[in-house]
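Colleague: Have a look at this one.
Readers should treat all values here as calculations from the given coordinates under stated rules, not as data from a laboratory. As the structure is a computational prediction, the values presented were derived from the model and not from experiment. Cβ sites come from the backbone with ideal geometry, for glycine too, and all protein chains shown count toward neighbours.
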Amino acid sequence: MRTALLLVLATATDAVVELIIDTDLGFDVDDAGAIAVANHLQDLGLCELRGVVHNTGFVEGIGAVDSIMNYYGRGNDTRAYGAYRGAWASSDDAQAAQDRYASAMSERWPSRVAGAGDVDCAADAYGRLLAASANGSVVIASIGEPTALRDALDAHADLFAAKVARIVYMDLGYNFGCGDAAGSDWSPWLGSTDGCAGAAAYVVDHMPASVQQVFSPAGEDVLTGSRFHDGDGCGAGPAKFAYETWTNYGSRPSWDLVATYYAVAGLESLHSTATRGSNAVDAAGDEHFVADAAGPHLRVDIDPAHNGDVRLLDELCAAPCRGDCAGYEYRAMANCYDGHGARNLESPPDASAGAMTLAACLALCDATPACGAVGVRASGDGGLVDCYRKADVDLGACDAYSPFATWTKRA
């Protein structure tokens, strides 16, 4: 029997995280999931997604980013975006290799931003986004090759020192090694490494000492995507389309979602432990991490015993809510009902209040005396949920049952 996943969606402080995502969306699909998760975390009041920067030469990448952002009601603002302008992954073959779902997504969910030519270059975008932020407030989720970061850091090192508190890298051989080039001048996926070679070493070596650098290799054994199309087929929109297209209705490791979640919820979330040390990155992008209690870097890993429990990312990626859910906390796989951690408020007790948006379900709870939580499960594939109002909730006494999730009112 699986243990209940009762992970609290909260940061270490009450401060809302000012988040920038630096992504190579296109070649893989977990970038789309990470951007969906970040939008939902903003719905919960835990972060403000200040901007997204695309870091390869894939022209349509930032357009697909805007399709996802627009779906969550946050797109069509060209000043929130930036796109890399260099040679890396810009050839015709590389364009095709990165277009597994992006152009089709943009056709189905059109938005104001069609491609890289519609936004500023990455360095200028970083300069604008950082300059407009409070000192020490920004956290960056780096979930692609660090080419845009290199260009921005070279141009705006002073702003990084003043404005950025932490950067969480999804590292490993693909991102830090220029598409698995393994020290050569050629990626088996994206061709010439011109414009990318040495970027990871430069960024890690030149990042101001005031910025906490965190390396996240986790996610290989945490699969995301099944909630879009298994059984209840929950969720809707462009991220769902991307997963169904890329995985052929399967699932995919969650590297980028994990790094993005750490950036918002902290390094002890997701059953994880951070180890302090020094991470030397060479010109090939190979990493040499040495544990050291006095080291400047952190590496964060999920306890392998809990890889199967981290269903939270799958739930968040497919979460139907696109409205203001900030008054509630989310508990994945918590099924609370009479005699099992809650008192049902529906009539009859095991009935649903109906199929509706999650935001409508939470509003119904707010309007119901004694309602302290709602249990939900996806209703069809249109992004609606079956809504069950609850009172007297004790999460520790609830059942663990994956089609259900429980949203409890914040104290």
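Colleague: Please work out the Cα convex hull volume for region 37-163 and give it in Å³ per residue.
Modeller: Roughly 98 Å³ of hull volume per residue.
Colleague: While we're here: How much space per residue, in cubic angstrom, does the convex hull of the C-alpha atoms of the chain take up?
Modeller: That works out to 130 Å³ per residue.
Colleague: For region 327-409, build the charge dipole from Cβ charges (+1 Lys, Arg; -1 Asp, Glu) around the Cα centre, then report which of Val393, Gly339, Ser352 sits farthest towards its positive end.
Modeller: Val393
Colleague: Can you find, among Val139, His271, His40, the residue sitting farthest towards the positive end of the charge dipole of the chain, where Lys and Arg contribute +1 and Asp and Glu -1 at Cβ?
Modeller: Towards the positive end, the residue furthest out is His40.
Colleague: In what order do Val385, Val214, Val119 fall by count of nearby beta-carbon atoms within 10 Å, going from fewest to most?
Modeller: Ascending number of Cβ neighbours within 10 Å: Val214, Val119, Val385.
Colleague: Separate question: Rank these for me by crowding, Trp246, Trp407, going from fewest to most other beta carbons within 10 Å.
Modeller: Trp246, Trp407
Colleague: Continuing with this model, one more query. Can you tell me the 0 to 90 degree angle between the C-alpha axis of helix 147-163 and the longest principal axis of the chain, rounded to 10?
Modeller: 70
Colleague: What is the fewest-to-most order of Val374, Val29 by other Cβ atoms lying within 10 Å of their Cβ?
Modeller: So the residues, fewest neighbours to most, are Val29, Val374.
Colleague: What does the charge count around Val53 come to, taking other residues whose C-beta lies under 13 Å from its C-beta (Lys +1, Arg +1, Asp -1, Glu -1)?
Modeller: -3
Colleague: Also: What fraction of the Cα pairs in region 327-409, stated in percent, has a spacing above 22 angstrom?
Modeller: 11
Colleague: Still on this structure, please answer the following. Taking springs between alpha-carbon atoms closer than 10 angstrom, which of Gly341, Gly144, Gly82 fluctuates most in the Gaussian network model of the chain?
Modeller: Among Gly341, Gly144, Gly82, the largest GNM mean-square fluctuation belongs to Gly341.
Colleague: Moving to a separate point now. List the lysines whose Cα sits under 24 Å from the Cα of Lys390, skipping any in the same chain fewer than 8 residues away.
Modeller: Of all the lysines, those that pass the test against Lys390 - Cα under 24 Å, at least 8 places apart if same chain - are Lys409.
Colleague: I've got another one for you. Pull out the extension gain between Thr273 and Asp303, defined as 0.36 nm times the separation in residues minus the alpha carbon to alpha carbon distance; nm, one decimal.
Modeller: In short, 10.1 nm is gained.
Colleague: Would you tally the net charge around Ser192, using a Cβ to Cβ cut-off of less than 11 Å, leaving Ser192 out, and scoring K and R as +1, D and E as -1?
Modeller: So the environment of Ser192 carries a net charge of -3.
Colleague: Could you state the angle between the C-alpha long axis of helix 238-247 and the longest principal axis of the C-alpha atoms of the chain, as a value from 0 to 90 degrees rounded to the nearest 10?
Modeller: That helix lies at roughly 70 degrees to the long axis.
Colleague: Sticking with this one: What fraction of the DSSP beta bridges in the chain is antiparallel, stated in percent and rounded to the nearest 5?
Modeller: 55
Colleague: By how many degrees, between 0 and 90 and to the nearest 10, does the Cα long axis of helix 30-43 differ from the longest principal axis of the chain?
Modeller: 50
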